[in-house]
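Scroll down for the structure; my scribbles are underneath it.
Please treat every number below as a calculation from the coordinates, not as lab data. Bear in mind the structure is a predicted one, so any value in this text is a computation, not a measurement. Because the Cβ atoms are built from the backbone with ideal geometry, glycine has one as well, and the counts that use them run over all protein chains shown.
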Amino acid sequence: MSNLTIVELFRELADWLELAGEDGFRIRAYQNAARALQDQSEDLGKLAAQGGVKALKQLDGIGEGTAKKIVEFLDTGQIAALEAQRAKFPPGLRDLLRVPEFGPKKVAAVWHELGVDSVDSLEAVAKEGKLAALKGFGKKTEENVLKNLQLFRRSRGRTTLPEAAELAASVVAALQRAAPGVTVQPAGSLRRGKETIGDLDFLVATDDAAPIMQAFVSLPEVKEVLAHGPTKSSVLTVGDLQMDLRAVPPASLGAALQYFTGSKEHNVAVRERAVRRGLSLNEYAVTRIADGSPVASATEAEVYAAVGLPWIPPELRENRGELALADAGELPQLIEVDDLRGDLHCHSTWTDGKLSIAEMAAAARARGYDYMALTDHSKALAMTGGLDEQRLLTQVEEITELNRLLAPFRILTGIEVDILRDGSLDLDEAVLDQLDFVIASIHSNFKLARSEMTTRMIRAVENPVVDLIAHPTGRVLGQREPYELDVGALIAAAAHAGTMLEINANHRLDLNDLHARAARDAGVTLVINTDAHSAKDFASMKFGVLTARRAGLSKHEVLNTLSLTELLDRLGRE
DNA sequence: GCCGTTTTCGGCCCGACTGTTTTCAGTCG
């Protein structure tokens with residue numbers, strides 16, 4: 001069983017309590033608990049088996065109540081408190097909470113007054129005009145419900161970081177053209193480098209916001225204007241992504257940036273800290289509660305300083321312990337894109353890449369890299385023209401030739417060898433042993449049971465010829481879910497065997513931020529690679545670095561920040 | 001329900017916008 005099963009139970013419990021109109025703080029406590037459990041890479045079943053309620057209570061946000069419920073679920077397969085709530089409501093009611101502009105109060109109202117118990121029945125009563133007659137509802141609400149229901153049905157969920165970053169760049173450029181001299185800055189989860197983005201937040205510091213607000217709601221990407229006020233506008237793009245633009249006076253830029261960058265959880269924690277110091281924090285300034293006098297507002301550093309903290313990098317602002325680190329002066333020096341000296345996962349036309357080995361090397365050099373590893377696929381991936389032992393050895397000869405021409409730049413010989421169903425490798429290990437860098441990864445038999453997949457993976461991890469496991473969980477952002485795998489067990493095995501794990505930067509972000517952090521904490525060395533199949537793919541390195549930064553990684557914890565000499569030494573090659 | 005530089009009780013972040021209202025509730029982030 002995965003931790004997510006338990007996470008989902010507490011989310012559900014929080015939803016029912018909201019509908020029941022229970023105390024908001026209790027609801028928030030359950031939501032916080034769900035989030036804390038989601039952040040936990042250690043298997044909860046294992047943790048509970050070893051330390052029981054006491055061990056679970058050690059986790060931030062988990063107290064006596066939730067710890068006991070977790071144990072109850074592990075022991076009996078259900079949670080009595082949750083079952084009691086389930087009995088009170090029709091199951092479809094939870095879906096209604098996901099309809100935009102429909103919160104617990106409105107859902108409860110339509111259920112009690114009109115017997116609405118599903119998205120379909122909500123649509124029906126709205127079409128019949130019964131909704132407008134309800135107290136607190138009106139004609140406009142009814143129209144919006146019908147629109148929002150369409151959106152709800154169509155919604156693709158969250159957009160991936162790379163897609164969102166591209167859209168944001170074009171929006172910023174367009175707004176800058178419309179209002180020259182005014183700085184437009186993306187905030188929100190994009191600035192924090194989150195792997196998926198629910199909506200885009202932009203911030204502009206100006207005393208004259210009307211023109212830029214107008215430009216924003218008139219962008220060609222905009223399908224619908226949701227709100228258009230003097231300091232805030234919201235729009236829906238043709239791709240059904242919501243974008244918000246907020247305007248603040250220039251003197252408030254720091255407070256506003258801090259506020260709109262979030263995360264919400266981080267901000268709540270910062271504001272709680274402010275209150276303890278007799279300060280209040282909003283998007284305009286930090287003020288003294290006693291007399292309302294301003295303390296800070298112009299820069300983010302000032303805002304954090306006002307609550308006794310150093311500036312915290314946006315990627316760490318998730319309330320996952322960064323405040324405690326900042327307080328202790330122990331924030332990590334986070335890795336930066338310029339720290340990378342090479343890319344150790346690249347393909348060529350020998351398999352499914354778009355460029356020759358020489359062209360890929362030229363592109364890597366053009367980025368300022370000192371080295372790259374050429375790691376084409378192995379023969380099991382027939383559709384890519386995967387290499388067999390003979391072709392691989394021929395490729396090595398070509399690379400050796402190229403290296404004579406390219407020195408001091410160096411192409412490391414390598415392979416991305418398939419991990420077969422039983423955990424063995426797709427190529428003769430005696431041949432693999434001759435390569436500079438051996439990556440192993442899974443491209444088939446995704447549907448194995450969790451235990452079988454974990455055993456398969458660990459066998460590859462423990463194979464002494466394997467240097468790195470690439471995209472360890474197999475997910476592709478927005479396209480493919482990870483396969484069933486005990487990532488905690490994988491990390492432990494990798495730490496024990498000295499095998500490295502990848503943060504794959506190209507549309508995978510795999511490992512993700514939390515797994516990468518857990519791997520680092522276990523003593524595993526990480527490698528950030530783009531899995532480049534073309535020259536432009538190298539550019540996705542920045543997303544891998546963002547993920548590493550969210551994991552709290554420093555330069556020295558990532559292999560491909562080493563110089564060529566250090567790298568070869570580390571790999572035991574010349 | 002959780003938590004503690006106000007520590008086992010009594011707090012728990014803050015504001016904009018919309019749509020419904022005659023002063024505010026609900027939702028969102």
Going fewest to most other Cβ atoms within 10 Å around each Cβ, A:Val295, A:Val235 line up as A:Val295, A:Val235
Check cross-link reach from A:Lys354 to the lysines: straight Cα distance under 28 Å, and skip same-chain residues fewer than eight apart. A:Lys379, A:Lys536, A:Lys542
Using the Cα gyration tensor of region A:449-491, with a ≥ b ≥ c the square roots of its eigenvalues, what is the shape: rounded (a/c below 1.5), prolate (a/b larger than b/c) or oblate (neither)? oblate
Using only the Cα atoms of region A:337-571, each taken as one equal point scatterer with no solvent, compute I(q) by the Debye sum, divide by I(0), and report log10 of the ratio at q = 0.07, 0.09, 0.11, 0.14 Å⁻¹. -0.19, -0.32, -0.49, -0.82
Could you go through region A:106-119 in sequence order and give the Karplus-derived ³J(HN,Hα) for each residue, using 6.51 cos²θ - 1.76 cosθ + 1.60 with θ = phi - 60°, rounded to whole Hz, and x for Gly and Pro? 5, 4, 4, 5, 5, 6, 5, 7, 10, x, 5, 10, 7, 4
So the angle from the long Cα axis of helix A:450-461 to the longest Cα principal axis of chain A, reported in degrees to the nearest 10, equals 40 degrees
Here are some pairs, A:Lys46/A:Lys194; A:Lys147/A:Lys264; A:Lys57/A:Lys106; which of them have Cα atoms lying more than 30 Å apart in this structure? A:Lys57/A:Lys106
Quick one: compute the contact order of chain A, relative version, from alpha carbon pairs under 8 angstrom and 6+ residues apart, as a percent. 9 percent
So what's the net charge close to A:Asp513: Lys and Arg +1, Asp and Glu -1, counting the other residues with Cβ under 12 Å from its Cβ? +2
Express as a percent, rounded to the nearest 5, the fraction of DSSP beta bridges in region A:159-248 (both residues included) that run antiparallel. 70 percent
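Quick one: order A:Val248, A:Val275 by neighbouring beta-carbon count within 10 Å, fewest to most. Could the numbers behind the result be given before it?
Working: A:Val248 24, A:Val275 13.
The most exposed by this proxy come first: A:Val275, A:Val248.
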If one takes the longest principal axis of the Cα atoms in chain A, at what angle in degrees, from 0 to 90 and to the nearest 10, does the Cα axis of helix A:541-550 lie? 60 degrees
Restricting to chain A, compute how many DSSP beta bridges are antiparallel as a %, nearest 5. 45 percent
22 Å tail of the calculated P(r), region A:80-200, as % of Cα pairs: 53 percent
Sticking to Cα atoms, compute the Rg of region A:149-228 to one decimal and its Dmax as the biggest Cα-Cα distance, whole number, in Å. 13.4, 41
In sequence order, calculated HN-Hα J values of region A:525-532 (Karplus, 6.51, -1.76, 1.60; Hz; x Gly/Pro): 7, 9, 10, 9, 10, 9, 6, 5
Report the Rg/Rh value for chain A, based on alpha-carbon coordinates and the Kirkwood definition of Rh. 1.00
Quick one, can you get me the convex hull of the C-alpha atoms of region A:1-159 expressed as volume per residue in Å³? 124 Å³
Separation between Cα centres of region A:375-389 and region A:452-515, rounded to whole Å: 20 Å
Taking H as built 1.01 Å from N, whose amide H comes closer than 5 Å to the amide H of A:Thr349, not counting residues under 5 places away? A:Leu355, A:Ser356, A:Ile357
Can you give me the Kirkwood hydrodynamic radius for region A:304-371, using every pair of distinct Cα atoms, in Å to one decimal? 15.3 Å
For chain A, what does the helix formula give at 222 nm: sum of -39500 (n - 2.57) over DSSP H segments with n ≥ 4, over the residue count, nearest 500 deg cm²/dmol? -13000 deg cm²/dmol
